[in-house]
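Encoded as structure tokens, the structure appears first; notes follow it.
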Amino acid sequence: MGEVLSQNEIDSLLQALSTGELDVDDMPKDGDKQVKSYDFKRPAKFSKEHLRTLEIIFEHYGRLLSTNLPVYLRKNIQVAVASSETVTFSEFTNALSNPVILGVVNFSPLPGTIILELSANLGFAMIDRMLGGQGQPLDKSREFSEIEMTIVEKILVICMQLLREPWRNVIEINPIMERIETNAQFAQVISPNDMIAIITLNLKIGDTEGMMNICLPYFTLENVMDKLNTKYWFSSMQASTDENYHDYIQSLIKKVEIPVKAVLGESMVTVNDFINLQVGDIIRLNSRIDNELDIYVGNIRKFTALPGSHKDVYAVRISEVVREGD
């Protein structure tokens, strides 16, 4: 990121040249630049290949956010990778607003930490949604209260845990949230001149739109730089067999809770009879006492069973499995 002159600085420079206070010949030439040694075996910054691989990782991460956060916020969420760039850490912190939400994450087993930065308007929108509101941000930004920071911390921990799966093809990570800061001055986790990669995600929660920046120091990712290329990425993805994928999906399905109900029978009653029902009243059903019951898994009829009891509680005994098409 080059130095940018303001309009006043440009006008002052032009005036100095026109009045003769500044001589063009005295200005440093390209040939006067100092030569710096560069080790091509251990580059000191991220290449375009590294940034492209990081974009692939966080595109996967964005899909996880868009499918998991709605469970907590009960709102449609759209996530897309907006950009990726390399800057110094000081340039990153100088561009932060105040207040801001900074989650300092220990990227174990890799050394050092990374930073999850969430814009304040998204933070207030999430808080409003978690407390039963429509998910609207504040008209005027202010500091977060302790209760609000507790809610934000819960959301950031969820976002942090979702980092595990996208990084699995590179390294098995165990991220730990060390702390959350709202002032960039208290999040000086690396040297100001160290290079970092910034992946910017565009989040849209309902009608509220904002940015999430992931700050990845070079020092933290240095040990896995060789794996941050698309060739290694796609080869590692192909190495995982379909059988393992099927086992993974099957293990997730086994954890899903589905309601199971036994239907004794059905009956039609008037609204007046229903209102005046009393303890001891008898409702005539459309089934006989010796008929088998229909057992539904979800809304699908899967079994037939006989009614009975087991240890003083009502129970059924499966008598037949209903095949598809029966």
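Taking every alpha-carbon pair under 8 Å whose residues sit at least 6 apart, the range 251-326 reaches a relative contact order of 25 percent. Rounded to the nearest 20, the size of the Cβ-charge dipole of the range 54-192 about its Cα centre is 420 debye, with Lys and Arg at +1 and Asp and Glu at -1. Restriction of the GluC sites (Glu not before Pro) in the range 147-211 to DSSP coil positions whose beta-carbon has at most 11 other beta-carbons within 10 angstrom yields GLU172. Each Lys and Arg adds +1 at its Cβ and each Asp and Glu adds -1 at its Cβ; summed about the Cα centre, the range 77-146 shows a dipole of about 120 debye.
Fully extending the segment from ASP247 to MET177, taken as 0.36 nm per residue of separation minus the present Cα-Cα distance, adds 22.2 nm. The relative contact order of the range 185-228, computed from alpha carbon pairs under 8 Å that lie at least 6 residues apart in sequence, is 34 percent. Magnitude of the charge dipole for the range 260-321, about its Cα centre and with charges confined to Cβ atoms of Lys, Arg (+1) and Asp, Glu (-1), is about 200 debye. Normalised by the number of residues in the range 57-122, the average gap of Cα pairs under 8 Å and 6 or more apart makes the relative contact order 20 percent.
Any read-out appearing in this document is the output of simple, stated calculations on the displayed coordinates, not a laboratory observation. Just so it is clear, the structure is predicted and the values come from calculations on it, not from any experiment. Glycine also receives a Cβ, built like all others from the backbone with ideal geometry; neighbour counts cover every protein chain displayed.
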